[in-house]
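To keep things clear, I will list the structure first and then write my remarks on it.
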Amino acid sequence: MKKIIASSLALVAGTSVLLACMQKPEYISPQGYDFNKPVKYNMPPELNEISGIGFSKGNTDRIFAESDETGRVFYFKLGDKKVNSTLFKQNGDFEDIALSGNQVIMLQSKGVLFTIPLTEIGKPQTNLAQRSKNLLPEGEYEGMYANDAGQVYVLCKHCTTDKTSKKSSGFIFQLGADGSLNPSGNFSINVKHIEDLLEVDKVNFHPSALAQSPLSHDWYILSSVNRILVVADNKWKIRQVYKLNPNLFSQPEGMTFDSQNNLYISNEAHTPVAGNILKFNYKK
């Protein structure tokens, strides 16, 4: 009898281990990254509401950032305790920043874009910011990306044109050397495919950041409200959806890559956690 009981217990234990191994982990990392081991940089109080972040040509000597409600371009080296900034507008709800060529692009939530010569960043204040409005349809915007070829991508967070559809619309602009922006195309994100991969009937997909890997050319898209990271190929076909651990990603709002394909995600302050930038080193 004792042998039978021992065998039964061993069988139950073995089955439990097998089932545990078969269960899909709740939080997994994109290929090449370990989302459990970031390098964390806490931000000073003036960047508690850090949203967008970006590098110029992927160069990590300086990172550029913006903060909600402030028309300033912040710049600093990661790890510095002090940050500097250039004022270009007294106020405004700014949600993302991107750099291309000799221009810095700032995105207001209502869809207004500002371009500022990179040579102006470093001054206390500039009057050379160029405002471009009526380029985007009515809505709310948070995600933007620009490449070295001068293509600027802006993704809807809430757009009136998307209310009855299972998609998030995106718009492409060509940046001129003088800071001008001209429409050059559009794209869309298939929200139904995101729901299928998450195995849910409905997901509130509201993109908060957009970046493209310099290595794979895959698109990385953050949705802060439900803490997910969507990875799509260069044709916008969704490859995978990753749930983000709220203990690490308190309020993910900004994202960028450096030239070595390392990934950076910024989080707004969320009491008692300060605003921060998380660096995820790329490993082949």
So Tyr41, is it at pLDDT 95 or above, under 18 Å from the mean Cα position of the chain (by Cα) and not in a strand (DSSP E or B) = no
Filtering the stretch 36-51 down to residues that are in contact with a Leu (Cβ under 7 Å, 6 or more places away or on another chain) and surrounded by 15 or more Cβ atoms within 10 Å (Cβ to Cβ) yields Pro38, Tyr41
Could you figure out which of (1) surrounded by 13 or more Cβ atoms within 10 Å (Cβ to Cβ); (2) free of Cβ contacts under 8 Å to residues at least 12 places away in the same chain isn't true of Pro25?
-> (1)
Just checking, which of Gln125, Gln103 is farther than 13 Å from Glu46 by Cα and buried (at least 18 other Cβ atoms within 10 Å of the Cβ)?
-> Gln103
Residue satisfying all of: in the stretch 109-145; without any contact (Cβ under 8 Å) to a residue 60 or more places away in the chain and small (Gly, Ala, Ser); nearest to Pro252 (Cα to Cα) among these = Ser109
Those residues that are free of Cβ contacts under 8 Å to residues at least 12 places away in the same chain and within 19 Å of Trp219 (Cα to Cα), I need them from the stretch 196-208; list them, please.
-> Asp196
Which condition number in (1) closer than 23 Å to Ile172 by Cα; (2) assigned to a strand (DSSP E or B) is the one that Ser259 fails?
-> (2)
Any hit, the stretch 235-246, residues being of a type outside the set (Phe, Trp, Tyr), buried (at least 22 other Cβ atoms within 10 Å of the Cβ) and assigned to a strand (DSSP E or B) = no
Of all residues in the stretch 262-274 being part of a loop (DSSP other than H, G, I, E, B) and closer than 28 Å to Leu215 by Cα, the one that is modelled with the lowest pLDDT | Glu268
If we take the stretch 142-203, then strands (runs of 3 or more DSSP E) inside it with 1 or more residues that are surrounded by fewer than 19 Cβ atoms within 10 Å (Cβ to Cβ) and either of a type in the set (Lys, Arg) or in contact with a helix residue (DSSP H, G or I) (Cβ under 9 Å, 6 or more places away or on another chain) (or both) are 167-175, 181-190
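Results for (1) hydroxyl-bearing (Ser, Thr, Tyr); (2) on the phi > 0 side of the Ramachandran plot, shown as yes or no for each residue.
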site: Glu66; (1), (2): no, no
site: Thr70; (1), (2): yes, no
site: Lys82; (1), (2): no, no
site: Asn91; (1), (2): no, no
site: Ala98; (1), (2): no, no
site: Gln103; (1), (2): no, no
site: Gly111; (1), (2): no, yes
site: Ile116; (1), (2): no, no
When Ile265 is run through (1) within 25 Å of Ser67 (Cβ to Cβ); (2) out of contact with any Asp or Glu (no Cβ under 8 Å at 6 or more places or on another chain); (3) in contact (Cβ under 8 Å) with a residue 12 or more places away in the chain; (4) surrounded by fewer than 19 Cβ atoms within 10 Å (Cβ to Cβ), the failure sits at (4)
Give the residues of the stretch 105-136 that are within 13 Å of Arg72 (Cα to Cα) and assigned to a strand (DSSP E or B), sorted by residue number.
-> Ile105, Met106, Leu107, Gln108, Phe114, Thr115, Ile116, Ile121, Lys123, Gln125
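The values are calculated or read from the model by the stated rules, or taken from the named source; none is laboratory data. All of these numbers come straight from a predicted model, not from anything done at the bench. Cβ coordinates were reconstructed from backbone atoms using ideal geometry, including for glycine residues, and neighbour counts include every protein chain displayed.
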